[in-house]
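Just so you know, all these numbers are worked out from the coordinates, no wet-lab data involved. This one's a predicted model, so the numbers in the text were calculated from it and none came from an experiment. Ideal geometry is used to build each Cβ from the backbone, glycine not excepted, and the neighbour counts take in all protein chains shown.
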Amino acid sequence: MVNKLKSHVTSSGIFKYPHLQGQGDTKFNPEGQFKVTLVWENGDATDFCSLIDESHKKSIEQAKLQNKGKSIKTANVPYKLNEDKKVEATFKLNAVGKSSKTGNTWTQKPAIFDAKGNPMELKETIWGGTKGKISFQIVPYYTAMIGAGVSLRLKACQVLDLVTGQVGGDSFGFSEEDGYEYKKQSKIDAEWQEKETNSEDF
C-alpha cells in the first residue's frame, strides 16, 4: 500500500528568489525546477519549525530501524536562520517527475492561487517580496552520503500581496527625501495639455 504524503500549509511569509512559473529554474536542472524560499518574521515560523523538527526526528529513527548495525548520519533540517535572524526555508518541485517502478515520466508545476483561493494564470512574473503561503509535503529520505532527514516538496502557493515588475527606489537602497516628487499624469490631463499647447489662442 502506497503511503500518501500529507500536505501542509505554512503561515504567511515573504517570497525570496521565487521560480514558480514557466519552466522554473533551469540553472542546475535543465528540465526545470520550481522553487521558492519563504522568509518569516521572528516567531511566525514556530509551528513550522516544530513540525519539521518532529518529522526530521522520525526520519532518522526510521533509517536506524531499516539499517540496523549501521552508523546513521544526520542531515541538516531544511530551514535556517538568515543574516537578519529570520527563519527561512526553501520548497522545491522538479518540473519533470519519473516513476521508480515503471520509468514513466510526467510534467508537473505548482498551483498558484489568489488570496480568495481562486486559481491564477498570471502573465506577470512573481517577484521576490511577494507575500504568501506555501502548500507542501514533507518527504523523508536517507542516503549513506547525506544521511537521514526530510525535504520540502512544493505543491502550491497562495499569493496574498503580489510584487511584480514595478519596483520602488527602496529596492535599490534609496530612502525618502525632501524634494521633487513625480506625479503620474492621467491620460485626460495629457490630452488637455496637448490641446492647450497646440491652440492658436495666445
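Mind giving me the nanometre distance, one decimal, between the label points for residue 31 and residue 161, set 7 Å out from Cα along Cα→Cβ?
With each label placed 7 Å out from Cα toward Cβ, I get 3.8 nm.
So if we plug the beta-carbon distance of residue 6 and residue 70 into 1/(1 + (r/R0)^6) with R0 = 41 Å, what FRET efficiency do we get, rounded to 0.05? It would help to have the intermediate numbers written out before the result.
Details: r = 28 Å, r/R0 = 0.69.
Efficiency, from the Cβ-Cβ distance: 0.90.
Counting other C-beta atoms within 10 Å, and keeping those with at most 15, which DSSP coil GluC sites (Glu not before Pro) do you find in the stretch 14-85?
On the way: sites: 31, 41, 54, 61, 83; in loops: 31, 41, 83.
Answer in residue order: 31, 41, 83.
Please report the projected area of the stretch 36-76's Cα convex hull averaged over all directions, in nm². If you can, show how the numbers build up before the last one.
Numbers: hull surface 15.0 nm².
Orientation-averaged projected area of the Cα hull: 3.7 nm².
If the only charges are +1 at each Lys and Arg Cβ and -1 at each Asp and Glu Cβ, what is the size of the charge dipole of the stretch 7-166 around the Cα centre, to the nearest 20 debye? Can you show the working numbers first?
On the way: 22 positive and 15 negative charges, 154 e Å.
About 740 debye.
Principal axis lengths of the stretch 89-160 from Cα atoms, whole Å, largest first?
Sorted from largest, the Cα extents of the stretch 89-160 read 42, 28, 19 Å.
So which trypsin sites (Lys or Arg not before Pro) in the stretch 33-134 end up in coil per DSSP with only 13 or fewer other C-beta atoms within 10 Å?
Working: sites: 35, 57, 58, 64, 68, 70, 73, 80, 85, 86, 92, 98, 101, 116, 123, 131, 133; in loops: 68, 70, 73, 85, 86, 101, 116, 123.
The qualifying sites are 68, 70, 85, 101, 116, 123.
Enumerate the whole-percent occupancy of each 10 Å bin, from 0 to the last occupied one, for all C-alpha pair distances of the stretch 17-56.
Over the stretch 17-56, the share of Cα pairs per 10 Å bin runs 26, 31, 31, 12 percent.
Using label points projected 7 Å from each Cα along Cα→Cβ, tell me how many nm separate residue 90 and residue 115, to one decimal.
Reported label-point gap for residue 90 and residue 115 is 3.0 nm.
Quick one: length gained pulling residue 54 to residue 99 fully straight, 0.36 nm per residue minus the C-alpha distance?
13.4 nm
Between rounded, prolate and oblate, where does the stretch 7-166 land on the alpha carbon gyration tensor, with a ≥ b ≥ c its root eigenvalues, rounded for a/c under 1.5, else prolate if a/b exceeds b/c?
Numbers: a/c = 2.18, a/b = 1.38, b/c = 1.58.
The shape class here is oblate.
Under 5 Å between amide hydrogens, which residues at least 5 positions from residue 114 or on another chain qualify, with H placed 1.01 Å from N in the peptide plane?
Here the answer is 120, 159, since their amide H atoms fall under 5 Å of that of residue 114.
When only C-alpha pairs under 8 Å and at least 6 residues apart count, what is the relative contact order of the stretch 7-166, in percent? Before the final figure, lay out each step's value.
Details: 342 pairs, mean separation 49.1, N = 160.
That works out to 31 percent.
Report the label-to-label distance for residue 23 and residue 127 in nanometres (one decimal), using points 7 Å from each Cα along the Cα→Cβ vector.
2.4 nm
Using θ = phi - 60° and the Karplus relation 6.51 cos²θ - 1.76 cosθ + 1.60, list the HN-Hα couplings for the stretch 47-54 in order, rounded to whole Hz, with x at every Gly or Pro.
5, 4, 4, 5, 4, 5, 4, 5
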